[in-house]
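Take a look at the structure below.
The values are calculated or read from the model by the stated rules, or taken from the named source; none is laboratory data. Predicted model, so just to flag it, every value in this text is computed and none were measured. All Cβ positions, glycine included, derive from the backbone under ideal geometry; neighbour counts span all protein chains shown. Please note that ligands, DNA and RNA were not included when accessible areas were found on the heavy atoms of the full protein model with its side chains. Shrake-Rupley method; radii C 1.70, N 1.55, O 1.52, S 1.80 Å.
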4 protein chains.
Amino acid sequence: MHKVRLGMVGGGEGAFIGAVHRAALAMDGRCELVCGALASNAEKARRSGAAIGLAEDRIYDSYNAMLAGEMALPQDKRMQAVVIVTPNHVHFEVAMASLEVGFHVFCEKPLVMDLGQARVLAGKAEETGLIFGLAHTYAGYPLVHQARALVEAGRIGAIRKIIVEYPQGWLARFEEGGENKQADWRTDPARAGGGGAIGDIGTHAHQLAEMISGKEVVEVRAELTRFVDGRKLDDDAEVAFRLSGGGKGRLYASQIAVGEENGLRIRVHGEKGSLRWLQEEPNSLWFQPIDEPAQLWRAAAPYLDPHVSALFRTPIGHPEGYLEAFATLYRLFADRIDGVAIDDRLLVPDIKTGVRGMAFLDAVIASDREGGSWRKLDV
Amino acid sequence: MHKVRLGMVGGGEGAFIGAVHRAALAMDGRCELVCGALASNAEKARRSGAAIGLAEDRIYDSYNAMLAGEMALPQDKRMQAVVIVTPNHVHFEVAMASLEVGFHVFCEKPLVMDLGQARVLAGKAEETGLIFGLAHTYAGYPLVHQARALVEAGRIGAIRKIIVEYPQGWLARFEEGGENKQADWRTDPARAGGGGAIGDIGTHAHQLAEMISGKEVVEVRAELTRFVDGRKLDDDAEVAFRLSGGGKGRLYASQIAVGEENGLRIRVHGEKGSLRWLQEEPNSLWFQPIDEPAQLWRAAAPYLDPHVSALFRTPIGHPEGYLEAFATLYRLFADRIDGVAIDDRLLVPDIKTGVRGMAFLDAVIASDREGGSWRKLDV
Amino acid sequence: MHKVRLGMVGGGEGAFIGAVHRAALAMDGRCELVCGALASNAEKARRSGAAIGLAEDRIYDSYNAMLAGEMALPQDKRMQAVVIVTPNHVHFEVAMASLEVGFHVFCEKPLVMDLGQARVLAGKAEETGLIFGLAHTYAGYPLVHQARALVEAGRIGAIRKIIVEYPQGWLARFEEGGENKQADWRTDPARAGGGGAIGDIGTHAHQLAEMISGKEVVEVRAELTRFVDGRKLDDDAEVAFRLSGGGKGRLYASQIAVGEENGLRIRVHGEKGSLRWLQEEPNSLWFQPIDEPAQLWRAAAPYLDPHVSALFRTPIGHPEGYLEAFATLYRLFADRIDGVAIDDRLLVPDIKTGVRGMAFLDAVIASDREGGSWRKLDV
Amino acid sequence: MHKVRLGMVGGGEGAFIGAVHRAALAMDGRCELVCGALASNAEKARRSGAAIGLAEDRIYDSYNAMLAGEMALPQDKRMQAVVIVTPNHVHFEVAMASLEVGFHVFCEKPLVMDLGQARVLAGKAEETGLIFGLAHTYAGYPLVHQARALVEAGRIGAIRKIIVEYPQGWLARFEEGGENKQADWRTDPARAGGGGAIGDIGTHAHQLAEMISGKEVVEVRAELTRFVDGRKLDDDAEVAFRLSGGGKGRLYASQIAVGEENGLRIRVHGEKGSLRWLQEEPNSLWFQPIDEPAQLWRAAAPYLDPHVSALFRTPIGHPEGYLEAFATLYRLFADRIDGVAIDDRLLVPDIKTGVRGMAFLDAVIASDREGGSWRKLDV
């Protein structure tokens, strides 16, 4: 089977997310990493490329060099899409340049630095008609799609309240300026943008809530806190929100919740039932119909919807995890590039998701600045 | 051993909480129900009293009759304390009258209808020097005291964030005016006061947060929602709060969260560790020291603090529940009446706790009315 | 309401189970402890009786004195039933003597020291027609009855395999001869009988398996182990068994499983579904219909069978525990004495249960002695 | 980086485990599938090879053709190792032939059809000095290695009792002869060997127990059951065992436990502590030191041993699953082929593990045939 050829920008030595992307894209044999500009420093770029086995002539010193170098190759050799895994502040320019010369893009989240950039980029993507994938990994978990399907089927009735949380504990201390490269750039406004916890993980929670509910967050009221002395961005965020068509919600994201690991989780309460899902136990989905026993829906079980069942690689009881969710995003990205039909019900995070995320982020930051006013999302 | 003699007001046929009090007070053999005015209707009062085995001459038609009748008995026969288990709007007058003639009081929560009443009652209690117990049942769970002890010992460091929740689902539909007597009065402002979910269960959550943290809620911002059409009081409450001495928190109480049963739970995140406790699994307490494995502290285990260990009735692995927690409150109430020394570290909800609860409730309601302003607690 | 009057033999200072019985019998207001011979030593009996508030003239030095003293009282004052909470070796004589003079009996398990005694006692009970209750506490948990009801209703189909376990860890070290009075007699053949772990807790597991399945254990193959040096009785037991009408099972009981608290639990696998229940989380019952999501049945939920619902004291989400289960046994014991009709489906452990338990114990011990032969139960 | 070149035998259309191997070997970029004889039918072999993107000239009609074809290629092109994913009865001849001509082997379990074959194969492997990997996937989970490390460090003291279980429910009905190809061959003695559940999954449980404990199973007593009418091999197995150096254990494997998915789990009770691990929640390991709170050790946590930490691909809270465990086996297999040093503490299942597994299987089957005699393992 044909493999979609990818080139990576960022993700060199010391980066965490680059290796994750590489494991994910390789898993299903649908994508192949053929080139990269893995670091902004030329020597490091070269060393990093060699370390992951890229052909010497496909290791580039910069993304510009990569775009040019690949364009010079025959079409059936050159990469087809650019994977952007740099810190946030670099997303915009790489994505714009890639689209400009005709490459599809698969980009880390949050999309860009602010809503203005997001709109420009979305315009460019639309203009070119190229495929734009966004790494909202959690959208790759099959049971998240099952949750969405249960909502769509009316199994929990009209949604009244969503509670979505994303607590972590890894920034409970001042880690900036030390060995932890992740801590360094993710807390730096110049590289991360205006949001700390709210940008890094709050946008995931926002995406999950919209995805499962099939509704849009239309208005927010937020309070951002910097608990750790010396930190430049929020490490804890509380957001109340309103949903399109009624319904309320609350979003909580934190990086100072000692003992929390990567605790993205959601509860959706409707008039006739509820749903509960937790990223750290991704192979279980709780469905609670009113007046009946709660039901535990399990990954790869026979009663799942067929479009959900199609996403599993292993039989029931063989846990799939984060990398598998990520691999599903890559598989669907490759399918879209190849023009393979994707089930309508499989929502795939794209440039529009990215714009919505940036609108959410902008509104939250603005609300917080105003002491907690209600702010509409500007989309 | 001497048993403390109690008289009960309210709790007749069809009431839920009266029977719970009776099971709880009997459990440890420290209290004895000797008389009662169990209903406001004379015939029902008589029937209810007989049904629970009260002596005929100790069944009264009204609380006034009970107070008078008992005062007429010799001191070593008459009741020593009045247990108030009526709907909220009756608490004040019964409690005032009981204190007035010299009886100790054990009262359901929330204390009274508003902060004004609370202050008057607190003044009376102080003036008489009588014992005033408040039925914050969850304060009777031993591991809640262990949590408090861990905080006091500095095991989690300075508290940054408290998340306390109390979701239920039993009012997800309009139940008012039907067979469910509980639903009826708890959603009626005339009998329940100005708070629905926030008054009925939110005050428990507030008390738990203050108890475990050893801090006071000093300021709140709230949003109260009535999700169910036709309901007169809030059935969902979101409250942001500030703690004395720094630290923030969030409180969530709901009665429309389908599938939630009686889900009081708390997470306390400090600089060096975290705690987690859940009422529905009361015999487990999670303690998470930073950088170390999480620890599961279990009821009746050998490593608990001695003042906590003293609260258990059964060995490890024999679950104690809600009634046991309640019974502990009665045991401690009886000890205080008898002048038995209680370990200083055992916080017992009393009239001051009640005043704090009413101040919290008033501030929350006021904040909500003003569209979510920050309001200081007026204590 | 009339209270059934009880007299207690054993359960004085230092005993664990006596206090548990007292809390349990008091809980529902259906029983009353009116007299006792709480210790074999006269002074200790007196001190123990006073400590729990027995009237001075109802504190006896021996069970014989109690039987005689109570018989001398008018019928409407004297105790109606004898509660036997002594070490096992005393059960037989006290029970026989009590029945002889016309008192009902509520006895701790295991019933007696061997199957021969059990048969004699059962003959006496039958002859007198008196009520004989057996303290298989776990039979008092409502969800155990729900499990039984699901089996009876054919919801899991024909039973193939039962796995019942009862691990504890409290005897992982040599505790004999020290402060732990429980450890002392429960490991002493002269007082406990021929079974250590298998007698003390294995008989509970056996009873639970028969109760839920509605089948009888007809044959066993066993291996008993003494892991701790110097111990006189088994502290670990493995038993394979056959069920009447087909079906197999395995029973495991241990007192050396470090970290296990009181882990009685059962899995029942049928042709069409499975059940799972765990004593340490008694308010949850898992029902797994084949090909469907697992269902979590919860205590006091609206979908339970009515005869099960009638057993709860508190609403959903207010956990009931071990003492409540025990109190239910006392409530049903009192109902039987008073001739109150009990739902047919509520199995109450009685003298026949006790005989079955002793037959099981005898067969297990015999099988182990023979190096693991298959032995039929002799009932 | 150099990738180890692999050729696959079996795993064509309709096979489950072939795709799993391919995802696993690709994940870390350490191996590459370069050729295959994926089916015994030539056309199917061709179609299957094309479907997974093998080069046309590296798709073979039979394993013999593959061995010959690859030998004809220059050494730096030809495959280095043969991956055997056929039904059990084919393992022996393919493995022997592969070793014979100098290829390393990575083989599915159980190793071969009986102990005799196992010994011959082990002799050949030793003679050639080639690397022989065995697909005991669960040995790839990092926390299994952490469990082993805790035992080695003496943290639970001398081991007294191991309880290892592997229940599944997928064969609760007669599935043979239908669409389920897995059910078909795994229940057929001619292709699966003499063990049904005990061979397919019981051998995994045996391997896990030996791996974590660092001890050997030396003697067994077994009962094998065929619960489903018409089935030819056991679908439920109970095995008592003795450990080298003392200690006892019990192993349970079943395919008729409705509701069980892939429930491999283990409890290890030592004199000073206990361990508990469950394959379906592989990122959690319970460590229970005596007299202390239980500790929950989590995947990728900072307190893990360095050689364990080195096995993770994602940070804490990003669940790794079954495929990641499998990928780790492939990574270590590649490391061994390349001569990369592997930490001594990382036990890697190899030909000796396979022989031990077959000896276990033989002893179990023999014991069952003799009605449950104790049988020594013949190794």
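Taking a ≥ b ≥ c as the square roots of the eigenvalues of the Cα gyration tensor of the stretch B:126-174, is the shape rounded (a/c under 1.5), prolate (a/b larger than b/c) or oblate?
Here the stretch B:126-174 falls in the oblate category.
Please state the charge dipole magnitude for the protein assembly as shown, taken about the Cα centre, from unit charges on C-beta atoms (+1 on K and R, -1 on D and E), reported in debye and rounded to the nearest 20.
Numbers: 172 positive and 204 negative charges, 1 e Å.
Approximately 0 debye in magnitude.
Charges only on Cβ, +1 for Lys and Arg, -1 for Asp and Glu: so what's the dipole of the stretch B:165-295 about the Cα centre, in debye to the nearest 20?
The calculated dipole for the stretch B:165-295 is roughly 340 debye.
Can you list the residues in the stretch B:160-199 whose accessible area drops by at least 40 Å² when all protein chains are present, compared with the chain alone? Use a 1.4 Å probe, heavy atoms only.
B:Arg160, B:Lys161, B:Arg173
Run the accessible area of the stretch B:119-162 with a 1.4 Å probe and give the carbon-and-sulfur part as a rounded percent.
Working: 640 of 1310 Å².
Summing carbon and sulfur atoms, their accessible area is 49 percent of the total for the stretch B:119-162.
Springs between alpha-carbon atoms under 10 Å, Gaussian network over chain C: tell me which of C:Ala23, C:Ala366, C:Ala72 tops the mean-square fluctuations.
C:Ala72
Pick from C:Leu115, C:Leu264, C:Leu73 the residue whose mean-square fluctuation is largest in a GNM of chain C, springs joining Cα atoms under 10 Å.
C:Leu73
What is the dipole size for chain C, taken about its Cα centre, with +1 at each Lys and Arg Cβ and -1 at each Asp and Glu Cβ, in debye to the nearest 20?
So the dipole magnitude of chain C works out to roughly 540 debye.
Can you list the distances in nanometres, one decimal and ascending, from the A:Arg191 label point to the identical position in each other copy, with the point 7 Å along Cα to Cβ?
From this label point to the equivalent ones elsewhere in the assembly: 5.5, 6.2, 6.9 nm.
Quick one: Karplus J couplings for the stretch A:199-215, per residue in order, coefficients 6.51, -1.76, 1.60, θ = phi - 60°, nearest Hz, x for Gly and Pro?
x, 6, 10, x, 5, 4, 5, 4, 4, 4, 4, 5, 5, 6, 6, x, 10
Taking the alpha carbon gyration tensor of chain D, what are the square roots of 5 times its eigenvalues, largest first, to the nearest whole Å? Present the calculation step by step, with values, prior to reporting the outcome.
Details: eigenvalues 210, 132, 74 Å².
That gives 32, 26, 19 Å for the three semi-axes.
Restricting things to alpha carbons, find the Rg to Rh ratio for the stretch A:140-222 using the Kirkwood radius for Rh.
1.09
If the limit is 18 Å between Cα atoms, which of A:Lys181/A:Lys352; B:Lys181/B:Lys232; B:Lys272/D:Lys272 go over it? Mind showing how you got there, number by number?
On the way: A:Lys181/A:Lys352 30 Å; B:Lys181/B:Lys232 16 Å; B:Lys272/D:Lys272 29 Å.
Beyond 18 Å between Cα atoms: A:Lys181/A:Lys352; B:Lys272/D:Lys272.
If you take the C-alpha gyration tensor of the stretch A:217-278, multiply each eigenvalue by 5 and take the square root, what semi-axes do you get, largest first, in whole Å?
Output for the stretch A:217-278: semi-axes of 27, 17, 6 Å.
Scan around B:Gln255 for amide H atoms under 5 Å from its own, H built in the peptide plane at 1.01 Å from N, and keep only partners 5 or more places away or cross-chain.
So B:Gln255 has HN proximity to B:Gln168, B:Asp236.
For the stretch C:1-87, which whole percent of the accessible surface, found with a 1.4 angstrom probe, sits on carbon and sulfur atoms? Can you show the working numbers first?
Details: 1800 of 3460 Å².
For the stretch C:1-87, the apolar C and S fraction of the accessible surface comes to 52 percent.
For the stretch D:82-230, what are the per-bin percents of Cα-Cα distances with bins 10 Å wide, up to the bin holding the maximum?
P(r) over the stretch D:82-230, rounded to whole percents: 9, 33, 33, 21, 4.
Work out from phi, with θ = phi - 60° and the Karplus expression 6.51 cos²θ - 1.76 cosθ + 1.60, the ³J(HN,Hα) of each residue of the stretch B:329-344, listed in order in whole Hz, and give x for Gly and Pro.
After applying 6.51 cos²θ - 1.76 cosθ + 1.60, I find 4, 5, 4, 5, 4, 5, 4, 5, 5, 7, x, 6, 5, 10, 3, 3 Hz.
Using only protein heavy atoms and a 1.4 Å probe, how much accessible area in total is buried between C and D, to the nearest 100 Å²?
Result for this pair: about 3000 Å² buried.
Using a label position 7 Å from Cα in the Cα→Cβ direction, what is the ascending list of nm distances from C:Glu179 to the same site in the other copies?
4.5, 5.4, 6.6
With a/c under 1.5 counting as rounded, go ahead and sort the protein assembly as shown into rounded, prolate or oblate using the C-alpha gyration tensor (a ≥ b ≥ c being the square roots of the eigenvalues; past the cut-off, prolate if a/b is larger than b/c, else oblate).
Verdict is oblate for the protein assembly as shown.
Can you give the accessible area per residue of chain A, in Å², using a 1.4 Å probe?
33
Over chain B, with a Gaussian network built from C-alpha contacts below 10 Å, which listed residue (B:Thr225, B:Thr187, B:Thr203) shows the highest mean-square fluctuation?
B:Thr225
Let me check against my output: what whole-number percent is the relative contact order of chain C, with C-alpha pairs under 8 Å and at least 6 apart?
19
Order D:Arg276, B:Arg148 by their accessible area, 1.4 angstrom probe, all chains in place, largest first.
Greatest to least solvent exposure: D:Arg276, B:Arg148.
Answer with one residue from C:Gly102, C:Phe92, C:Met79: the one whose Cα lies farthest towards the positive end of the charge dipole of the stretch C:74-117, charges on Cβ with Lys, Arg +1 and Asp, Glu -1.
C:Met79
If the viscosity is 0.890 mPa s and the temperature 25 °C, what Stokes-Einstein diffusion coefficient in µm²/s follows for the stretch A:2-146 when Rh is the Kirkwood radius over Cα pairs?
Here the translational diffusion coefficient equals 160 µm²/s.
In whole Hz and in residue order, list the ³J(HN,Hα) couplings for the stretch D:61-77 that follow from phi through the Karplus curve 6.51 cos²θ - 1.76 cosθ + 1.60, θ = phi - 60°; x for Gly and Pro.
7, 7, 5, 4, 4, 5, 4, 5, x, 6, 4, 6, 8, x, 4, 7, 10
Once you sort the root eigenvalues of the Cα gyration tensor of the stretch D:262-379 as a ≥ b ≥ c, which label holds: rounded (a/c under 1.5), prolate (a/b larger than b/c) or oblate (the other case)?
oblate
Using modelled amide H (1.01 Å from N, peptide plane; none on Pro or chain starts), what sits under 5 Å from the amide H of B:Ala37, excluding residues fewer than 5 places away?
B:Met8, B:Val9, B:Gly10, B:Tyr60
Can you send over the carbon and sulfur percentage of the accessible area for the stretch D:217-307, probe radius 1.4 Å, protein chains only?
Carbon and sulfur atoms account for 45 percent of the accessible area of the stretch D:217-307.
Report, ordered by chain and residue number, the lysines lying within cross-link reach of C:Lys3, taken as a straight Cα distance under 17 Å and ignoring same-chain residues fewer than 8 apart.
C:Lys77
How far apart are the A:Ala19 label points across copies, placing each 7 Å from Cα toward Cβ, in nm, shortest first?
So the distances to the same position in the other copies read 2.8, 5.5, 6.0 nm.
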